[in-house]
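Peer 1: Sharing a structure with you now.
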Protein chains: 2
Amino acid sequence: MKNIQSKDNLVVRQAMKVAAGRDKTRILLEGVHLCEEWLKRYDPPESVLVQASAVDRPEIARLLAITDTARQYLLADALFNAIATVQTPQGIMFVATRPVPAAISRLSTTALWLDRLQDPGNLGTILRTAAAAGVKDILLSAGCVGAWSPKVLRSAQGAHFALDIYEHQHFPDIRDRLDMPILASSLVPGARSLYEDALPAACLWVVGNEGQGVHPDILTVADQCIFIPQSDAVESLNAAVATAILLFEQRRQHMRG
Amino acid sequence: MKNIQSKDNLVVRQAMKVAAGRDKTRILLEGVHLCEEWLKRYDPPESVLVQASAVDRPEIARLLAITDTARQYLLADALFNAIATVQTPQGIMFVATRPVPAAISRLSTTALWLDRLQDPGNLGTILRTAAAAGVKDILLSAGCVGAWSPKVLRSAQGAHFALDIYEHQHFPDIRDRLDMPILASSLVPGARSLYEDALPAACLWVVGNEGQGVHPDILTVADQCIFIPQSDAVESLNAAVATAILLFEQRRQHMRG
């Protein structure tokens, strides 16, 4: 393990660039849980950064034992904290290559289209929820918040690595590849209650921007608009909560594995 | 409307104390939406703080038109921003008296017990979700994050004002007042799938700490432990998402108004 003292070190500068979102091919994984989840599915990361004061913790030592010593860097606490995007860093970070999913040919199992979603915490929670619901393909419109920022990664708790995430997508391109109906979450007139009809076993769910909802162009081509019947005590549901209720109602009806 | 320039002004000092969580009898409502929601249900606030550069915006002017001029304070932008807990303040804040719900005698309609919930964003989303699901009584254990901080208020988007929120509760006291079963969200052995049995029309739902789940003492006395069947692609669901799936499945079965 190399000892790094200077913030001019190349590995440190690269990690800072990734943390700031200025490196589109790499991701920063902060904390033991995310690093463990990465190693379950992918090759070892490009670099393993360890906080000097945390090196002897058992959960950190365990991760060091299963990664390549030549890629491990011991950082003085101040240096480690300068890279970290959390106030209380957990002692370890990976810098890894951002996974790129295979190109989409056809879509025939339930997938999720996110239309201009803005909040990183919402996006992370939605990814975690979709993975838990057994959904694999996540399609993000242009105008969505970036899916691989440290905040989204933290909030999704490793769900990224169980999903195929397609950013900057164009809706008509995806529509041409669908072997299933489009169901949009919306309160527009004519929308049906989620509990009114049987849901298809597979569909493209569309969830919209936190404030404005789904874009009218998509509503126009959706096979069905669906609303979640709620009390009028509040105006609406959080986007991640609405997604969860939709996906798990479909899961209840069809019980994906 | 009074013009305030100094941070030594009493109203400013009070607002700062509320923003910092050091005033247990008052709350800070930031932004047009929260202020509007407050006025739908309660008397005008103690003070209305307006950001100088925002005073002419139509949505701010509308709020000023329906509150008492004697309680309105125009603050220089820097002063307003020093109080605000958000990076991009929305031009208006209310300082209001924290609502205190009536003492609980008996509980016979669906209520929610939150056991040592830690994350303010989660709590806010849970309150918003509970209100949308038609649940009114929210009971927080000792050790829960405070329910009335600016962050929880923002995340709940006005749901606080549609709920009766009881903090620092003692589980045995509440249990003595229940005319309905206790259903705890948990993965313990013996837990039943959410979709396995009919849910009662009314129950006390128990949702636990983000990391540790529901306290064993509560699991022991719960009438049923319930889990949400999910894919094993991720370890667990976010606490707010889990709460949403539970409450809306019950709502689907019994359709509360």
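What follows is calculated from the coordinates using simple rules that are stated; it is not laboratory data. Predicted model, so just to flag it, every value in this text is computed and none were measured. Heads up, the Cβs are rebuilt from the backbone with ideal geometry, glycines too, and the neighbour counts pull from every protein chain shown.
Peer 1: What are the residues whose amide H is under 5 Å from the amide H of B:GLN157, where those residues sit 5 or more places off or on another chain and H is modelled from the backbone?
Peer 2: It is none; the list stays empty.
Peer 1: Assuming R0 = 56 Å, what is the FRET efficiency of B:ALA65 and A:LYS40, from their Cβ-Cβ distance, to the nearest 0.05?
Peer 2: 0.45
Peer 1: Please list, in order along region A:12-20, the HN-Hα scalar couplings obtained from phi with the Karplus expression 6.51 cos²θ - 1.76 cosθ + 1.60 (θ = phi - 60°), rounded to whole Hz, x for Gly and Pro.
Peer 2: 5, 5, 5, 4, 5, 5, 5, 4, 7
Peer 1: Still on this structure, please answer the following. Given chain B reduced to its alpha-carbon atoms as identical point scatterers, what log10 I(q)/I(0) does the Debye formula return at q = 0.15, 0.17 Å⁻¹?
Peer 2: -1.00, -1.17
Peer 1: Let me ask you something else. Considering only the other residues whose Cβ falls under 14 Å of the Cβ of B:ASP77, what net charge follows from Lys and Arg at +1 and Asp and Glu at -1?
Peer 2: Value of the local net charge: +1.
Peer 1: Dipole of chain B, Cα-centred, from +1 at each Lys and Arg C-beta and -1 at each Asp and Glu C-beta, to the nearest 20 debye?
Peer 2: Using Cβ point charges on Lys, Arg, Asp and Glu, chain B gives about 720 debye.
Peer 1: Sticking with this one: Give a residue-ordered list of calculated ³J(HN,Hα) values for region B:29-38 (Karplus: 6.51 cos²θ - 1.76 cosθ + 1.60, θ = phi - 60°; whole Hz; x for Gly, Pro).
Peer 2: Once θ is set to phi - 60°, the couplings for region B:29-38 become 10, 9, x, 4, 4, 4, 5, 4, 4, 4 Hz.
Peer 1: How high is the FRET efficiency between B:LEU187 and B:GLN253 when r is their beta carbon distance and R₀ equals 25 Å, given to the nearest 0.05?
Peer 2: Efficiency for this residue pair is about 0.70.
Peer 1: Please work out whether region B:111-254 counts as rounded, prolate or oblate from its C-alpha gyration tensor, where a ≥ b ≥ c are the square roots of the eigenvalues and a/c under 1.5 means rounded, while otherwise a/b larger than b/c means prolate and anything else oblate?
Peer 2: Rounded, because the longest to shortest axis ratio a/c is under 1.5.
Peer 1: Here is a further query. Considering chain A as a Gaussian network with a 10 Å cut-off on Cα pairs, which listed residue, A:VAL18, A:VAL95, A:VAL86, attains the greatest mean-square fluctuation?
Peer 2: Top of the fluctuation ranking is A:VAL86.
Peer 1: Can you give the calculated 222 nm mean residue ellipticity of chain A, where each DSSP H run of n ≥ 4 adds -39,500 (n - 2.57) and the sum is split over every residue, rounded to the nearest 500 deg cm²/dmol?
Peer 2: -9000 deg cm²/dmol
Peer 1: Lys and Arg at +1, Asp and Glu at -1: add these up for the other residues within a Cβ distance under 11 Å of B:CYS203 and post the number.
Peer 2: -2
Peer 1: With a 10 Å Cβ neighbour count serving as the proxy for reagent exposure, in which order, fewest first, do A:THR220, B:THR125 appear?
Peer 2: Fewest-to-most ranking of A:THR220, B:THR125: A:THR220, B:THR125.
Peer 1: Hey, got the dipole for region A:140-257? About the Cα centre, +1 on K and R Cβ, -1 on D and E Cβ, debye to the nearest 20?
Peer 2: That gives region A:140-257 a dipole magnitude of about 400 debye.
Peer 1: Could you please rank A:ARG128, A:ARG177, placing first whichever residue has the fewest other Cβ atoms within 10 Å of its Cβ?
Peer 2: Least crowded to most crowded, the residues run A:ARG177, A:ARG128.
Peer 1: Which whole-number percent gives the relative contact order of chain B, counting Cα pairs below 8 Å spaced six or more residues apart?
Peer 2: After rounding, I find 19 percent.
Peer 1: With labels modelled as points extended 7 Å from the Cα through the Cβ direction, what inter-label distance (nm, one decimal) is found for B:GLN5 paired with B:GLU196?
Peer 2: 7.1 nm
Peer 1: Hey, another quick one. Which of the three applies to region B:2-97, rounded, prolate or oblate, going by the alpha-carbon gyration tensor with a ≥ b ≥ c and a/c under 1.5 meaning rounded?
Peer 2: rounded
Peer 1: Right, next: For chain B, set up a GNM with springs between Cα atoms under 10 Å and report which of B:PRO189, B:PRO216, B:PRO150 has the largest fluctuation.
Peer 2: For chain B, modelled as a Gaussian network with Cα springs under 10 Å, the answer is B:PRO189.
Peer 1: Positive end of the dipole of region B:111-254, charges at C-beta (+1 Lys, Arg; -1 Asp, Glu), about the Cα centre: which of B:ALA244, B:GLY124, B:PRO150 has its Cα farthest in that direction?
Peer 2: Of B:ALA244, B:GLY124, B:PRO150, it is B:PRO150.
Peer 1: What is the count of Lys pairs in chain B whose alpha carbons sit under 24 Å apart, if the two are 8 or more places apart or on different chains?
Peer 2: For chain B, qualifying lysine pairs total 11.
Peer 1: Assign unit charges at the C-beta atoms only (+1 for Lys and Arg, -1 for Asp and Glu), then state the dipole size of the protein assembly as shown relative to its Cα centre in Debye, rounded to the nearest 20.
Peer 2: It works out to roughly 800 debye.
Peer 1: For a quick check: with amide H placed at 1.01 Å from N, whose amide H comes under 5 Å from B:ALA111's, ignoring anything fewer than 5 positions away on the same chain?
Peer 2: Those lying under 5 Å, H to H, from B:ALA111 are B:CYS203, B:LEU204, B:TRP205.
Peer 1: Most exposed first by the Cβ proxy, i.e. fewest other Cβ within 10 Å, how do A:LYS24, B:LYS17 rank?
Peer 2: In increasing order of surrounding Cβ atoms, one gets A:LYS24, B:LYS17.
Peer 1: Hey, another quick one. Positive end of the dipole of the protein assembly as shown, charges at C-beta (+1 Lys, Arg; -1 Asp, Glu), about the Cα centre: which of A:LEU63, A:HIS160, B:ILE4 has its Cα farthest in that direction?
Peer 2: Of the candidates, B:ILE4 comes out farthest on the positive side.
Peer 1: Can you compute 3J(HN,Hα) from phi for each residue in region A:200-213, using the Karplus curve 6.51 cos²θ - 1.76 cosθ + 1.60 with θ = phi - 60°, rounded to whole Hz and x for Gly and Pro?
Peer 2: Each residue's phi maps through the Karplus curve to give x, 5, 9, 7, 9, 7, 10, 10, x, 3, 4, x, 9, x Hz.
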